[in-house]
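Q: Structure incoming, see below.
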């Protein structure tokens, strides 16, 4: 099984009034055909910026990809011009964006928004276009699909809008689907339906999925491998069963221990103290230093390097290794 996506040492930065900050800092990972890689972490940890970098959606006005390679199907996306990239985006790589009520155009009917994708990429127009849109609305489980076809986003529920976003992302049958918080703000029942839908479609088309969320419960349901990000860096990467059965990084342990299902009624939740540091105020050493219950003196002044602690299990923590970012 070959890698459909290979990200190597990706670094994405933004210019602020004071200085330059790294939203994605030296991130590397692979994703194989038909597999799901989950990216987890709190808000502000670089999950969505990693996805936006892959899609080529970093605003050039104040953002820039400083370093790295993004190899998709043996093509480096960072070396392509805009026309070449546009032939891939929405066609071979598609993305489900956060908050569908905002992502969908409020003044266009659903058939026109989804239909535009296959009109541009597949040159399918008129009645054939409508039939294809209807087919995919049915595929994602929308009832009364004919009615939804002529509806506007504000006439649909949040769950239906999310299904519309999924249909739009899937209509060209991409090789890679990036799902950025696809279950946010959905109730538990609809969330379960959306997760089942993505899994079924992934299996049907042998599609690779990059699944971004802050919810470890969701990751447990869908992912084959998990990548934990903190302050723009990968702090742990392993198979999903290893992350839950044997988490290594203190941040990963904190995320798992703070899951609501781990508490009995009346117990005080075990939350991770503090909050994610601002990227303009990162400490000299480990970014998790101030929040860590296992910190050592070395953590304050040196940044740990991502190293293997088991088969296909990597961790960036001095608790398990003494290699810093500056060492080979």
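The values are calculated or read from the model by the stated rules, or taken from the named source; none is laboratory data. This structure is a prediction, so every number in the text was calculated from the model and none was measured. Counting neighbours? That spans all protein chains shown, and the Cβs are built from the backbone with ideal geometry, glycine included.
Q: Select from region 172-200 the residues that are buried (at least 23 other Cβ atoms within 10 Å of the Cβ) and either on the phi > 0 side of the Ramachandran plot or assigned to a strand (DSSP E or B) (or both) and list them in ascending order.
A: Hits for region 172-200 are 177, 178, 179.
Q: How many residues are out of contact with any helix residue (DSSP H, G or I) (no Cβ under 6 Å at 6 or more places or on another chain), free of Cβ contacts under 8 Å to residues at least 24 places away in the same chain, surrounded by 10 or more Cβ atoms within 10 Å (Cβ to Cβ) and closer than 30 Å to residue 311 by Cα when one looks only at region 247-278?
A: Summing the residues that are out of contact with any helix residue (DSSP H, G or I) (no Cβ under 6 Å at 6 or more places or on another chain), free of Cβ contacts under 8 Å to residues at least 24 places away in the same chain, surrounded by 10 or more Cβ atoms within 10 Å (Cβ to Cβ) and closer than 30 Å to residue 311 by Cα in region 247-278 gives 4.
Q: Give 53, 13 a once-over and let me know the one that is touching a residue at least 12 places away in the same chain (Cβ under 8 Å), buried (at least 20 other Cβ atoms within 10 Å of the Cβ), farther than 22 Å from residue 174 by Cβ and over 10 Å from the mean Cα position of the chain (by Cα). Before the answer, list the steps.
A: Working: 53 fails: farther than 22 Å from residue 174 by Cβ.
Answer to the selection: 13.
Q: Determine if region 63-84 includes at least one residue that is crowded, with 17+ Cβ neighbours inside 10 Å, touching a helix residue (DSSP H, G or I) at 6+ places or on another chain (Cβ under 7 Å) and in a helix (DSSP H, G or I).
A: Taking every residue of region 63-84 in turn, at least one turns out to be crowded, with 17+ Cβ neighbours inside 10 Å, touching a helix residue (DSSP H, G or I) at 6+ places or on another chain (Cβ under 7 Å) and in a helix (DSSP H, G or I).
Q: From the list 36, 24, 40, pick out the single residue that is within 14 Å of the chain's Cα centre (by Cα), farther than 24 Å from residue 241 by Cα and at pLDDT 95 or above.
A: Details: 36 fails: farther than 24 Å from residue 241 by Cα; 40 fails: farther than 24 Å from residue 241 by Cα.
Only one candidate passes the filter, namely 24.
Q: Mind telling me which of the residues 77, 85 ends up being touching a strand residue (DSSP E or B) at 6+ places or on another chain (Cβ under 8 Å) and under 26 Å from residue 198 (Cβ atoms)?
A: On the way: 85 fails: touching a strand residue (DSSP E or B) at 6+ places or on another chain (Cβ under 8 Å).
Just one listed residue meets the conditions, 77.
Q: Could I ask something else about it? Among the candidates 142, 102, 124, 166, single out the residue that is part of a loop (DSSP other than H, G, I, E, B) and within 24 Å of residue 192 (Cα to Cα).
A: On the way: 102 fails: part of a loop (DSSP other than H, G, I, E, B); 124 fails: within 24 Å of residue 192 (Cα to Cα); 166 fails: part of a loop (DSSP other than H, G, I, E, B).
Residue meeting the stated conditions: 142.
Q: Further question on the same structure: When you look at residue 239, is it touching a strand residue (DSSP E or B) at 6+ places or on another chain (Cβ under 8 Å), surrounded by fewer than 20 Cβ atoms within 10 Å (Cβ to Cβ), closer than 14 Å to residue 315 by Cβ and at pLDDT 95 or above, yes or no?
A: Details: touching a strand residue (DSSP E or B) at 6+ places or on another chain (Cβ under 8 Å): yes; surrounded by fewer than 20 Cβ atoms within 10 Å (Cβ to Cβ): yes; closer than 14 Å to residue 315 by Cβ: yes; at pLDDT 95 or above: yes.
Judged against the criteria, residue 239 is a match.
Q: For residue 38, are the conditions met, namely being in contact (Cβ under 8 Å) with a residue 60 or more places away in the chain, buried (at least 17 other Cβ atoms within 10 Å of the Cβ), touching a helix residue (DSSP H, G or I) at 6+ places or on another chain (Cβ under 6 Å) and in a strand (DSSP E or B)? Write out each step before concluding.
A: On the way: in contact (Cβ under 8 Å) with a residue 60 or more places away in the chain: yes; buried (at least 17 other Cβ atoms within 10 Å of the Cβ): yes; touching a helix residue (DSSP H, G or I) at 6+ places or on another chain (Cβ under 6 Å): yes; in a strand (DSSP E or B): yes.
For residue 38, the condition - in contact (Cβ under 8 Å) with a residue 60 or more places away in the chain, buried (at least 17 other Cβ atoms within 10 Å of the Cβ), touching a helix residue (DSSP H, G or I) at 6+ places or on another chain (Cβ under 6 Å) and in a strand (DSSP E or B) - is met.
Q: Return yes or no: is residue 298 in contact (Cβ under 8 Å) with a residue 24 or more places away in the chain and touching a strand residue (DSSP E or B) at 6+ places or on another chain (Cβ under 9 Å)?
A: Values: in contact (Cβ under 8 Å) with a residue 24 or more places away in the chain: yes; touching a strand residue (DSSP E or B) at 6+ places or on another chain (Cβ under 9 Å): yes.
Judged against the criteria, residue 298 is a match.
Q: For region 279-295, which positions are in contact (Cβ under 8 Å) with a residue 24 or more places away in the chain, loosely packed, with under 14 Cβ neighbours inside 10 Å and in a loop (DSSP other than H, G, I, E, B)?
A: Matches in region 279-295: 293, 294.
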